[in-house]
Amino acid sequence: MSGIKDHPSAENPEELTDLKVTDPKTWAAGIPAVTAAMNDVLTEAGPIRGMEALFHMNKKGGFDCSSCAWPDPDDDRSPIAEYCENGAKALAEEATTKKLTAEFFAQNSIIDLAKLNDMEIGKKGRIAQPVYLPKGGTHYQPISWDDAFKKIADHLNSLSSPNEAAFYTSGRTSNEASFTYQLFVREFGTNNLPDCSNMCHESTGVALAEAIGIGKGTVTLNDFYDTDVIVIMGQNPGTNHPRMLTALEKAKKNGSKIIAINPLHEAGLMGFKNPQTVKGFIGITTQLADLYLQVNINGDMALLQAIERALYEAELEDPGKVFDHEFIKQNTVGYTQFLHHIQQHSIEELAKEAGVPVRQIKEAANMLKNKTRIIICWAMGITQHKNGVATIKEILNLTLLKGAIGKPGAGLCPVRGHSNVQGNRTMLIWDKLKAEQSAKLKEVFGFEPPYENGYDVVETIKAMNEGKLKVFFAMGGNFLSATPDTNYTAEGLRKMKLTVQVSTKLNRSHLVHGEEAIILPTLSRSDKDIVNGEPQFISCENSMGVIQQSKGILDPISDDLLSENQIICKLAKATIGKRTVVDWDKYEKSYDAVRDVIEKVIPGLTDYNKRVREPGGFYLPNGPREGKFKTAKFGDKVEFTLNELPKHNLADDEYRMMSIRSHDQFNTTIYGMEDRYRGIHNERRVIFMNPKDIKKAGFKAGDKVDLYNYHNGKERVARLFVIVSYDIPECNTATYYPETNVLIPIDSVAEKSNTPTSKLIYIKIKKHAA
């Protein structure tokens, strides 16, 4: 078996590279972004192939970026470029002309590949043919598609129960493939459908589904262009959703104010140099944040309640002018109890817990008190906490007080991280199938779906280690590097009889595997998808509930690739065989046929094939966007919830730690070693610390240290990090993901959503033990 000794998040990295630290930037994008993007695309894909792909990315009639889920403009798409730096880098990796054939795998053992870092592994190129690692094998070897499907089917059919298999989904998977995937898994007989949403916005889905009746945001992109205040919490758009900067720039031009809330001063929240405008091209910066609240890690609940308390006091001074009493009366319950609740703590007490000065809290309240067109955005800086669900409900409380939901220019905006993660869930990728969904599948297809809940991501990892799973199948993604408690996850994967990865390129999860392992190479978003001579297209759903088509335009790197949908349909036929009641041949040959049956099962998708062909696609129904609420507990009313403050009892030598992305990565894909916005170059194993904390602990910037977590009495360690002095609140630290995933305990999860708490664990820092 291969080890993870040299995994970037493991305990024993060999050495550090030549770290260079420069001053952080106060603006994002500009010419440096264009230069970085073009360099990657031209290097990997060449000028003709690369530029052709860039021209069609995110354009009407083109293909959807495989990176973030920020929506495309409904009308005014750029004639120059409708993509960002990181989108271009994502395209470069999938449009590369480098490919991994049987010869590559014969020359490179699992052990040798495991010694590479994640960036080096990902840069090897596209996987060009199916490969198989036999039990005890040291090298992947070629396998035909038919033999691969037969081997997987044999393993699945030999299980004592379908629940001994788990089927993971990445956010890249299209609507069509997501639907056929869950259909196959449920006809096979299990709801074990963990997905990447379990690790990012599951807290959002749980909170909003309970509170307003839909687990999605309520705004459209056009709302950003005509609003009064935009609040951005726990989100770094300059790195994680760069195209959002254009919307923020337009909002500012139209008079909107922006409040940024983050433990770090992030370049993409402070300023934007739009390289597609003359001003941006010549270096003139558009200021974004009008007010920047540098909150403690997990201080968001206290900050929100402090702002609400300040607004309440303003309401007492000017009754009926601050809170939207008509909206509250018509649409909510629990208002009186909520007012009592927010008076439990003074603004001063809340400000201390949040780490934000009282004067800034009052300034934020003043920016909000006479406005009702307010949009609140958030991402994993909110969701990946133990109280993530409660904090999102507190965000909702603030919008309810202001009547800032269900009207133009106002509402909730959870910004999804991966381009179709929201569509996955719409297409029933979920370990908890609702009764009405089960009934509809039975009505349309004629089989009885399993009724018991399946495993989510955390439960899947635990089940692997407990011997409850034998087969792990991943539809995309890099499961090992994305998940918490890296060593524990690796132990679980090694206990599998078979691991299968559907992938475009090599990643760490191919190198930490079960007794047998198979890699099935698939088409990327930018590849032409032709089935039996007929061009096909897929569809995706963005953060704001728009479904639009995506049609690749590049010749695939190999003739031995299959689309995700083809892989699923062929595997279903091999596995279920004559027992199936589903016409898998039809769905394999025609994605139109898949969409025709999707609209029979999933509400809101009437005339799917017709509407998805319209330029720009179509919006899914969203009651709360129109001011129509439907909750299980209160019908058409929304509840003000009473949320408690979290307690943080740190020892003198303990720190809060959050994991973050560098600017040179997307999720687990590492594009390079340049986090130029934060001034970190040539290295990723760094820990950002407050200068006062560094001095108090007897360290100095540049010291090499080891990081320890002692959750529930178990020691977890990430060795050899370099201290970087940085503008971060005292007793707060930050490190890059996935290098410190090894410290995230498998049983440190958000209440209700079971999302790993990657944005807050407690650590101790010790001199590196050489």
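The values are calculated or read from the model by the stated rules, or taken from the named source; none is laboratory data. Computed from a predicted model, the values in this text were never measured in an experiment. Here the Cβ is made from the backbone with ideal geometry for all residues, glycine too, and neighbour counts use every protein chain on show. Note: areas computed on protein heavy atoms with side chains; ligands, DNA, RNA excluded. Shrake-Rupley method; radii C 1.70, N 1.55, O 1.52, S 1.80 Å.
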For the stretch 335-421, which helices (runs of 4 or more DSSP H) that fit wholly inside it have 1 or more residues that are at pLDDT 95 or above and buried (at least 24 other Cβ atoms within 10 Å of the Cβ)? 347-354, 358-369, 380-383, 388-402
Name every residue in the stretch 674-731 that is among the hydrophobic types (A, V, I, L, M, F, W, C) and on the phi > 0 side of the Ramachandran plot, in order of residue number. 720, 731
Please give the number of the condition residue 439 fails out of (1) surrounded by 21 or more Cβ atoms within 10 Å (Cβ to Cβ); (2) part of a helix (DSSP H, G or I); (3) of a type in the set (A, V, I, L, M, F, W, C). (1)
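Please go through the stretch 140-172 and pick out each residue that is part of a loop (DSSP other than H, G, I, E, B), touching a helix residue (DSSP H, G or I) at 6+ places or on another chain (Cβ under 8 Å) and within 26 Å of residue 105 (Cα to Cα).
140, 143, 170
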With (1) closer than 16 Å to residue 509 by Cα; (2) touching a helix residue (DSSP H, G or I) at 6+ places or on another chain (Cβ under 7 Å) as the list, and residue 119 as the residue in question, which single condition is left unmet? (2)
Considering only residues that are buried (at least 19 other Cβ atoms within 10 Å of the Cβ) and assigned to a loop (DSSP other than H, G, I, E, B), which ones fall in the stretch 518-536? 523, 524, 525, 526, 529, 536
Consider the stretch 200-221. How many of its residues are out of contact with any Gly (no Cβ under 9 Å at 6 or more places or on another chain) and either more than 16 Å from residue 69 (Cα to Cα) or open to solvent by 20 Å² or more (accessible area, probe 1.4 Å) (or both)? 2
From the list 637, 647, which one is in contact with a Phe, Trp or Tyr (Cβ under 9 Å, 6 or more places away or on another chain), more than 23 Å from residue 21 (Cα to Cα) and of a type in the set (Lys, Arg)? 637
From 124, 135, residue being over 19 Å from residue 476 (Cα atoms) and outside any helix (DSSP H, G or I): 135
So if I check each of 69, 114, which one is crowded, with 17+ Cβ neighbours inside 10 Å and either out of contact with any Leu (no Cβ under 8 Å at 6 or more places or on another chain) or within 30 Å of residue 277 (Cβ to Cβ) (or both)? 69
Can you give me the number of residues within the stretch 261-308 that are open to solvent by less than 10 Å² (accessible area, probe 1.4 Å) and modelled with pLDDT under 95? 1
Just for the stretch 626-654: of the residues that are among the aromatic types (Phe, Trp, Tyr) and either open to solvent by less than 20 Å² (accessible area, probe 1.4 Å) or in contact with a Gly (Cβ under 7 Å, 6 or more places away or on another chain) (or both), which one is farthest from residue 407 (Cα to Cα)? 640
Please go through the stretch 559-617 and give me each residue that is out of contact with any strand residue (DSSP E or B) (no Cβ under 6 Å at 6 or more places or on another chain) and β-branched (Val, Ile, Thr), ordered by number. 568, 575, 576, 580, 581, 582, 594, 597, 598, 601, 602, 606
Between a residue in the stretch 87-113 that is more than 30 Å from residue 55 (Cβ to Cβ) and any residue that is open to solvent by 70 Å² or more (accessible area, probe 1.4 Å) and part of a loop (DSSP other than H, G, I, E, B), which pairs come within a Cβ distance under 9 Å, given they are 6 or more apart or on different chains? 104/124; 108/124; 109/138; 110/1; 110/138; 111/138; 113/124
Residue 278 passes all but one of the listed conditions (1) under 30 Å from residue 34 (Cβ atoms); (2) of a type in the set (A, V, I, L, M); (3) touching a strand residue (DSSP E or B) at 6+ places or on another chain (Cβ under 9 Å); the exception is number (3)
Residue pairs qualifying under the 6 Å Cβ cut-off, at least six apart or on distinct chains, with the first in the stretch 595-622 being open to solvent by less than 60 Å² (accessible area, probe 1.4 Å) and the second being polar (S, T, N, Q) and part of a helix (DSSP H, G or I), are 595/609
Could you tell me whether any residue of the stretch 173-187 is part of a loop (DSSP other than H, G, I, E, B) and surrounded by 24 or more Cβ atoms within 10 Å (Cβ to Cβ)? yes
Failed item in (1) open to solvent by 10 Å² or more (accessible area, probe 1.4 Å); (2) in a helix (DSSP H, G or I), with residue 319 passing the rest: (2)
I'm checking my understanding of the structure. Among residues of the stretch 658-683 that are out of contact with any Asp or Glu (no Cβ under 6 Å at 6 or more places or on another chain) and part of a loop (DSSP other than H, G, I, E, B), which one is surrounded by the most Cβ atoms within 10 Å (Cβ to Cβ)? 678
Yes or no: the stretch 646-657 includes at least one residue that is part of a loop (DSSP other than H, G, I, E, B) and closer than 26 Å to residue 60 by Cβ. no
So residue 481, is it assigned to a helix (DSSP H, G or I), open to solvent by less than 10 Å² (accessible area, probe 1.4 Å) and either touching a residue at least 40 places away in the same chain (Cβ under 8 Å) or within 21 Å of residue 572 (Cβ to Cβ) (or both): yes
For the stretch 202-254, what are the residues that are under 16 Å from residue 630 (Cβ atoms) and part of a loop (DSSP other than H, G, I, E, B)? 213, 214, 215, 216, 218
Given the criterion without any contact (Cβ under 8 Å) to a residue 12 or more places away in the chain, open to solvent by 40 Å² or more (accessible area, probe 1.4 Å) and more than 25 Å from residue 377 (Cβ to Cβ), identify the matching residue among 120, 52. 120
Within the stretch 457-478, which residues are closer than 30 Å to residue 597 by Cβ, open to solvent by 10 Å² or more (accessible area, probe 1.4 Å) and not in a helix (DSSP H, G or I)? 477
Test: residue 444 is surrounded by fewer than 20 Cβ atoms within 10 Å (Cβ to Cβ), at pLDDT 95 or above and part of a helix (DSSP H, G or I): yes
Being in contact (Cβ under 8 Å) with a residue 40 or more places away in the chain and either open to solvent by 10 Å² or more (accessible area, probe 1.4 Å) or within 18 Å of residue 462 (Cβ to Cβ) (or both) is the filter here, so list the residues in the stretch 723-738 that pass it. 726, 727, 729, 730, 731, 737
Matching residues, the stretch 484-500, being open to solvent by 10 Å² or more (accessible area, probe 1.4 Å) and either under 30 Å from residue 96 (Cα atoms) or of a type in the set (S, T, N, Q) (or both): 487
Would it be correct to say that residue 90 is open to solvent by less than 40 Å² (accessible area, probe 1.4 Å), within 16 Å of residue 552 (Cβ to Cβ), at pLDDT below 95 and not acidic (Asp, Glu)? yes
